[in-house]
Structure formats: C-alpha cells, structure tokens
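The values are calculated or read from the model by the stated rules, or taken from the named source; none is laboratory data. All figures in this text were calculated on a predicted structure; none of them were measured in a lab. Here Cβ is always computed from backbone atoms with ideal geometry, including for glycine, and neighbour counts include all displayed protein chains.
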Amino acid sequence: MKKINIILGLMLFAIFNLSAQATITTPNMDVDPNSTIQLDVKVASTDSIVGMQFTLRWDPTVLNYEKISELVLPSTMGLSNHFGDLGNGVLTFVWTEESLQGIPLGTDATIFTIEFKVIGSNNSSTLVEISDDPTLVEIATADEVLDVTLDSGTVSVGAVSTTESLTTDFTLFQNTPNPVTNFTNITFELKNRTEANLSIYNTSGKLILVQSTNGSGLQTITIQRDAFPAAGTYFYELKTDNAIARRKLIVQ
C-alpha cells in the first residue's frame, strides 16, 4: 500500500506534465505445447524512472503462471511487495526506486521475467496484455508522469513452421510479404470448385475483414496495410464447408 501511495503522489505532483514518453512491451513468441517459457517484460525510456505500475493479463487456458524468474529492477524487498498474482491470468506489478532519485533504463530494458507453463493445445494463442485493470498503467520520473505506449505481444502455441497448410479441400500458403508494410498477398489453391471465405482476426478474436470467393485452382487475394487498424499480430483463416486452416501474419 505504501508503494501505491508513493506512485499516486508522483502522479498528482505531475498530473499536468505529460511530455516525456515510455514504452512497455511484451514479446511475440512461438512456443511448443507443454513447454516452460521465459517471457521478458521490457520498458524503454530515456528518462530516469522512480516508479511504475501496471497489470498483465493473459488467457489462463493457454499459459499457466509459474513464478517471477527475475526482477531486474533494484529492490531490497521481496517479490511479494512488487507482484500480485490475482489468479485467472492476472498479475499486478508495482515498483518504486527507493532513493527516489531514479534509474535510467535505456531503449530496451528487461525489467522482469515471468516463467509460464504452456498448457494450451496446438494452434491456440493468447495476448499477454498490458492493462489498466485493476492496477493503472503509470510510469513516473522524479518530477513528471510519462506518456506510456503499450505494445502487447502474443504467445502462439505450436506455431506452423512450414510455408503451407494442407486440408482436404485446399492448400493455404503463408502470406507474402510478411511482415506486412504496404500490402500482402494471401494465396491458396482450391482442389475443386467451391465457396471459400478468407477472414482476418486480431489476437482477441475480433473480425477485421472477410472476403469470399467461388472457384477452383490457385487464387491470390491482396490485402492493403490500411485494412489493419494497428501494427501487431493477426491471424488469417480460410474456410470451406469441409475444411478450415489458419495462419499467422505480422503487420508493421
């Protein structure tokens, strides 16, 4: 509680000054089923940081929280003073630099590492989301609260390493170019004349777009970069009456 009060005090002191910036990042990872993984949480800032707090959320049917492997930030107190495992895929984090002088982090600093057990099945995935619920996202220097950018990554289980997905009805190829910068081509080959729907989803399962075709043979659908609302990981899915396949693409 004392640490939260310190953070809130810094927030009130600097509430009208939000000029500097920081970024919190969780990575995109391709992992194997039943594996144990180490996930680095990173913060980038050119300022000296005296305190930070935020929440991490994930799908507990895909990842089981094991422990904090390492707290890189300096602290003389136990991990329980900084982390709150609320269960059901929710972890809170609060940290204050004890001298209140601040420490420089740089552009790619790992602040702590989480150990997870992968319990999801093949082709499952979860966003490791940096969240305001229940602990607000805040990063502060000695005299201001920073404007924070959140870059949440996705953990994908049993990621497809080949360049194509084979089904009874079609072959779905990996999109090119990938990552997507201006546009991307999604190519598939229908074995017989049939109706097929190509859908694109974000990592939360929200439908971004859908296109339909009715034909056979090799076909290519071009998707422009502006069809994606933001950079990040997406999934494209081809579905017919008898088959379905899904692959991952990255948008920059």
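Considering only segment 75-133, state which residues are of a type in the set (D, E) and more than 25 Å from K248 (Cα to Cα). Outline the logic, then answer.
Of the residues in segment 75-133, the ones of a type in the set (D, E) are 85, 97-98, 108, 115, 129, 132-133.
Scanning segment 75-133 gives D85, E97, E98, D108, D132, D133.
Residues of segment 190-210 being over 14 Å from L172 (Cβ atoms) and either at pLDDT 95 or above or surrounded by fewer than 19 Cβ atoms within 10 Å (Cβ to Cβ) (or both), which ones?
Within segment 190-210, N192, R193, E195, Y201, N202, S204, G205, K206, L207, I208, L209, V210 qualify.
Please report, ordered by residue number, the strands (runs of 3 or more DSSP E) entirely within segment 145-252 with at least 1 residues that are among the hydroxyl-bearing types (S, T, Y).
147-151, 153-157, 164-166, 170-173, 183-202, 207-224, 232-239
Of the residues T176, T181, T187, only one is surrounded by fewer than 17 Cβ atoms within 10 Å (Cβ to Cβ), of a type in the set (S, T, N, Q), outside the structural domain of D108 (by TED's automatic domain parsing) and in contact (Cβ under 8 Å) with a residue 60 or more places away in the chain; which?
Going through T176, T181, T187 in turn, just one is surrounded by fewer than 17 Cβ atoms within 10 Å (Cβ to Cβ), of a type in the set (S, T, N, Q), outside the structural domain of D108 (by TED's automatic domain parsing) and in contact (Cβ under 8 Å) with a residue 60 or more places away in the chain: T181.
Filter segment 48-107 for residues that are among the hydroxyl-bearing types (S, T, Y), within 29 Å of S121 (Cβ to Cβ) and loosely packed, with under 15 Cβ neighbours inside 10 Å and give the result.
Residues satisfying the conditions are T61, S69.
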